[in-house]
Each structure stands twice: as structure tokens, then as C-alpha cells.
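Step one of this worksheet: look at the structure below.
Each value in this text was obtained by applying a stated rule to the coordinates, not by laboratory testing. Predicted model, so just to flag it, every value in this text is computed and none were measured. Every residue, glycine among them, receives a Cβ derived from its backbone with ideal geometry; neighbour counts consider all protein chains shown.
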There are 2 protein chains.
Amino acid sequence: MRDNGAMADMTGPTAATAMNERAQHLLKVLVERYIRDGEPVGSRTLARDAGMDLSPASIRNVMADLEEIGFIASPHTSAGRVPTVKGYRFFVDTLLTVKPLAQQEVRLIRQQLDVEDADPQALLASASSLLSAVTHMAGVVTLPRLEHVAWRHIEFLPLSDNRVLAILVINEGEVQNRVLHLDHRYEPSALQQISNYLNAHFAGKDIQAVRTTLLEELRRTRESMNELMVAAIHMAEKAAGGRSRDQGRSYMMAGETNLMEWAELSDVEKLRRLFEAFTQRREILHLMDKCIAAERVQIFIGEESGYRVLDECSVVTAPYKVGDAVVGVLGVIGPTRMAYERVIPLVDLTARLLGAALNPRK
Amino acid sequence: MRDNGAMADMTGPTAATAMNERAQHLLKVLVERYIRDGEPVGSRTLARDAGMDLSPASIRNVMADLEEIGFIASPHTSAGRVPTVKGYRFFVDTLLTVKPLAQQEVRLIRQQLDVEDADPQALLASASSLLSAVTHMAGVVTLPRLEHVAWRHIEFLPLSDNRVLAILVINEGEVQNRVLHLDHRYEPSALQQISNYLNAHFAGKDIQAVRTTLLEELRRTRESMNELMVAAIHMAEKAAGGRSRDQGRSYMMAGETNLMEWAELSDVEKLRRLFEAFTQRREILHLMDKCIAAERVQIFIGEESGYRVLDECSVVTAPYKVGDAVVGVLGVIGPTRMAYERVIPLVDLTARLLGAALNPRK
DNA sequence: TCTGGCACTCGCTGGCGCGGAGTGCCACAG
DNA sequence: CTGTGGCACTCCGCGCCAGCGAGTGCCAGA
């Protein structure tokens, strides 16, 4: 039916002309079928599955159109059709019927994330392993970013010899600590004095401000007690640098090994590059960071992500909020042939429940 | 020359009868060659490499003996020979000539581990990635175990609402912290009072003892201030459970992806099981724990480890000491075909330097 | 005791033919 | 004009076979 018909349009089918009701339905069935079995879908199979009482020959005509506009492709001449990235995209954007999650899954997720009093680390770990367990793919959760990094409290604890343990509390109960090796021994009272001074002056202040003030102070008073101040500055720097700007943020991942069980990723060299990227973190992190601006679920199919290692993968993400502020992103990484209609609601729900669980006000 | 010779011994060659000077040398050359190239070694190649002016035919006789006593095997009839586990074992135990490390490598390792003032976590991470980088295999370092888990200091810091941050210091500068949600608001002075009390009574005590004393105390006084005490007990439990008994110890691993580049591990299913074991941790940890009793370098070749997933791998470990006490184990995991003569001194040196770097007395 | 020679085994490669799945196109019917 | 049955064609995967190369075991002779 290509262009031997009476149609005046000589340019061949375009998405607009070709994607009538029937073509859409067939594309949908084809994608669903391929996602289920992982094998190229032929016209006979499709005719049976589509349930619209058409012969394989008719189906073939439609398939030829779908191929021409780039929604499906055949690995070789006699091998049925497979969705392309464009095809998946159309499927996800306009054909997808999102299935609600199974009761049992919802219960499982609630149970794991609705924990009273859980510590954030454990929650993030739970979330990522949940995502991986339910989808049989890899789950990933970025560490939440903190908007305001505020100085709260510092404490010096004498250890043996000239060593002192410095404990710096920032924000709502985050703790940094470090053992300092000092030039000489300080009396406990001296340590107390210094921490009193620091706490009195800086409690509640932004940690960057604290840092500059301390440097200023140091320049002015010289010599006196500077060692501990220097240490305080270092810790402040570490705390600020490590947390506030997106520098050095990281993520937790679970279920990477699941990916080895998907036939389409069974090439060792590709797997190596993928896992390399997982441990390198940089690229994955960049991708996740892009999603922090999004409102809801976001999907990258194959090359859409822009990272070569993910060319054969899809990534489904959702930002999670504490209160009203988006603080992190979680998601699932798997082969492009993934059950989007199940993954999307899962990622969505997990993000919402994780956000709720992280909310400190209870 | 099997048993058609003039030898009266009808039982065929045994390790004792067959392993004369020549056979040993040939085995050595064969193993070295196979480790280098990864391909079965034939009699012609071996004759050339051995440098002992023997014809391939003679070599073949010796090889037949070596095969009969189980030191080498052929993958199939016409494919040269490959060392068996037994062969590697003999090679490692009695034939190995350990090469000293290259100057450059030693310098690299020193540079990474001889850091003033580094924090232990970072040192362990350095050590494992060093091991993996130098060997192109996976490096692993167990977290050091602490002999005495002693209560040092507790501090309660009021946060907003009814929340209190509890900070517990154990040993030499290790910090545990937790946010507590309490029934009602405590005055800072009350918090101070409680921490004073706890610190005065328990500083320096073993944390298990603290726990039982606290439980006792709690039963006696009832009701009064029990909330914070309960929290203190919980933290003590967590600190003790997590550290003292080998329960829950863990390890750091680096360079797992290197293993994907070895041809002998290029089966995806095997890789999956291996990586599964790495994330599961249990089996690897058991194996490492066995080595804590050893004095120096220990080697498990193939099935020797006793864990099925490691059947095609060798593990080279060494315990590391802080002061005189062994506190952990580090090592390298790779294919049985690894360059033992380089790995062994590397693991040995790394263990010694890591121990030195972790030593708190400087 | 060593060695050259020889027959043999076995995996690997490439060519060939076949069957099956699936396609594109065409002519014909409603 | 649309849908359908038919048909030739393409291409993959498989089994088969032959040729080769590498390596072996064994034997007879120095």
C-alpha cells in the first residue's frame, strides 16, 4: 500500500498520516508483545494477538508503514519487527495504559518504607532494593541534598596523647567527626572554652559564612588557639563542600546483578562498560540530576539519555520531596524492553512514600 | 613411558616417583606459560620454552606422567595441557619464584597508604582499589575489627520539637549517632544531667557491661528518665552488635568489573553468581574470616575455598595488624590463572603498609 | 634413555542444502 | 478503495561433511 494507491501524497506515510486508530492499536499490541517475550513479532502473531479480525497480509501493510516512519524495525529480512526507540517513545507517550500496582506490591512497599523513626540511610537502601526487587532490574536512589547547611554544634573530646576528637553537628542531626592530631596537649577546660565560644557565635549560621568568619578571626587574633580553629574550618569546609553544592553527591544502587539476567544485555563487554559506569558514578549522577527539575516520572529510552553506556537501557526516574522541596531522585535502570506500564507507577509510588518517610515532622 | 619401562613399580607414577627435577622444571615452565597466555600449552611450545634441549617427544612423556598424577589436564585430546588445581597448588607451594615488586609499584603503594592523618575509611578504600588496580583483578579489604568496644562519651543535643540527637562515642574516636523522637520535651539542663550521669558512671567500661548495668538500673528506678536510657541502651546494643563479635562485619571491594575482562570468566551466568556473592557478602566474608588466624599470605586455588561460586577463582589474602593484633584481612580475587608470583608479594606488602597506616600511635 | 616418525584424535572453519519464518508485492473480490 | 489469498523471495539457523592444524600416544631405532 506504500504509494501505489490513488493518494496524491507522494512523500510516503508520515506519523500524522499513518498513525490512524488501527496503526496505533497494532503498534501498541506489538510493543506489549515484544516486551513480554523479547522476540521479534511477525505479522501472523500480531494478527492473532490484535483481536481485530484482520489477515496477516493486511497487518503487513500497516507494519510496512510503521517501519517507514521509524517506529519499528526488523533485525533482518525474515524476522518480524521490533520497536525502535521512537516506537517506544510513542508507545510510552500516547498508547500506554498504566496498570495499577498489585495490592501485594503496594503492601510490600508501604511496609518497607512506612517505618517509624527509621534512619535515612536505611530508608534509601530500602527504597533502592525495593525498586530492584519488584522490577528485577537495578534500583537507584540519589542521596537527598540539603538546602541549608547550618552549623549547629561542635564538641571537642580529648583522646589519648595529643589527639582530640572533633564532632560537628550540622542541620537536623547530621554528624561529622574527625580525629585531630595536635601539636600539644589541651586541657579539657580549654577545649570546652573553645567549643563554647564557637557554639555561642555560630549556632544556626550558614556554614559557608562560618567558614569565612573563622578565617577572618584567625587572621586577626593569630597564634592563639588557632589549631582547633583551623580544624573547625576544615570540618566546616568538608561538611559544606560535601553536601551543599551538588558536588560529590552520590547514590545508592541495588540489584545491578539483576541486569545480567536479561538476554539483551548478555554481552560481557557491554555489561562491563555498564558496571564501570555504575562504579564511576559520574554519568549516572549527571543523568539523575537532570531529573531533579522534573515534576513527576521521567523516562529516558535508549539513546535518549545521551550516555553511550545506556544506549541499550531505559531509565525511569521520579524526584522525591521532603515537604515541598525536591531533594533527590530515584529510579530504575533496565533494558529498553521493560514493562513500562508497571515500572512507572512503581517508581512514582516509591518516590512519594520515600519522601513521606524522610519527612522529619511527624 | 607409562608402565612399560623397566621400573618394577606397577602402580604407575606417583607424585613422589614422577616429580624429579626435570618434571618439576617442566611443570613450572608450563604453568608460567599458561598464566602468561591463557592457552593450553603443547609439547612443542614447552620444548622451546623450557630451554633444556629436549625434543617434543620426550616432553610428551613427562607430560603424560604429570597428567596421570593429576597436575595437568587437557581440555580435549588435541589441545595441549592446562594446570589443574593440584598443579597450581604444587607450583605455588614449591616451584614459585616470587618476584620482588617493581620499584614503581612499591612507590605507588607507599604514596597511597603512607598518608599522615588519613581517616581509616579512606585508607581501606585506597588499599582495595590499589590491589585491584595493580593486579587488574578485584581487591577486597575487611573492615578492621575492634577488640574492646568501650563506652567513652555520650551527648544529647536538643533539636526542634521533642527530638533529641544522641551522639555516642566509642573506642578511640568512633562515633554513633541517632535522632530520638521522645514523648515530651526535655530541658537542655535535664539532658545535660543525664549525659553527665552516664558519662561519669560508664566512661571506659565495656559496652556490654554498660548495657546490662543500664537495664538493671532501669528496672530499679522505673519511669524516671527512662526514655533516654532506653535510647542509650539501644545505641549501646547497636554499637556492640555491629562491631565486637564478628557478626555484621563487612568489607570494601574495588575493581570487580576488572574480572569481566578475563576470558575464563566471560560466561555471564557465572559472572552473575560471582557478583551476587559479592553483594551478598556472606560467603566472601566467611572465607576472609578464616584467614584472620593465618600469619602471612594465604592462597585458595579454585575449589579449595570451598565455595562453589569461587570454583574458577583464586583468592590471595593476608591479615593486617594494628600493633601486634590482627584486625582484618585483605586480598585479591581473580581467576585461577593469575600471576601468583606478583600477587603474593603485593598482597603481603599492602597488608603491612595498611597495618602501619592504621596504627593510631604516631 | 632419548628421539624421530607416524597414525590418530579432535576442535575449528567454511561451504552446502534444507526447512521455517516472515516479508513484499500483486491480482482479485467485495 | 480496502482487504485478502497467493506466491516468490530472503534470510537465519541447523545439521552435515570435508579439510586443516595442533597435539597426542606409541613404537622402533640410535
(request) With everything on Cα atoms, drop me the angle between helix B:56-68 and the longest principal axis of chain B, reported from 0 to 90° to the nearest 10. (result) 50
(message) So the label point sits 7 Å from Cα along the Cα-to-Cβ vector; using that for B:Arg220, what distances do you get to the other copies, in nanometres, sorted shortest first?
(response) 5.1
(request) Calculate the length of the line joining the C-alpha centroid of region A:102-132 to that of region B:20-77, in whole Å. (result) 58
(request) Please state, as a whole number in µm²/s, the translational diffusion coefficient that the Stokes-Einstein equation yields for region A:127-172 at 25 °C and 0.890 mPa s, with Rh defined as the Kirkwood radius across alpha carbon pairs. (result) 172
(message) Based on C-alpha coordinates, I'd like the Rg and Dmax of region A:149-224, in Å.
(response) 12.7, 33
(request) Would you please calculate the Kirkwood hydrodynamic radius of region B:15-95 over all C-alpha pairs and express it in Å, rounded to one decimal? (result) 12.2
(message) If you fit an axis through the alpha-carbon atoms of helix A:21-37 and take the longest principal axis of the Cα set of chain A, what angle between them do you get, 0 to 90°, nearest 10?
(response) 60
(message) My understanding is that a pair violates if its Cα-Cα distance is over 29 Å; which of A:Lys321/B:Lys270; B:Lys86/B:Lys270; B:Lys99/B:Lys290; A:Lys99/A:Lys321 do that in this structure?
(response) A:Lys321/B:Lys270
(message) Tell me the mean residue ellipticity at 222 nm calculated for chain A from its helices only (DSSP H runs of n ≥ 4, each -39500 (n - 2.57), averaged over every residue, nearest 500).
(response) -14000 deg cm²/dmol
(request) Let me have the relative contact order for chain B, percent, based on Cα pairs under 8 Å that are six or more residues apart. (result) 18
(message) Counting C-alpha atoms alone, how compact is chain B: give Rg to one decimal and Dmax as a whole number, in angstrom.
(response) 27.9, 98
(request) Using only Cα atoms, find the angle between the long axis of helix B:188-202 and the longest principal axis of chain B, and express it within 0 to 90 degrees, rounded to the nearest 10. (result) 50
(request) Based solely on C-alpha atoms, express the radius of gyration and the Dmax of the protein assembly as shown in angstrom. (result) 32.1, 99
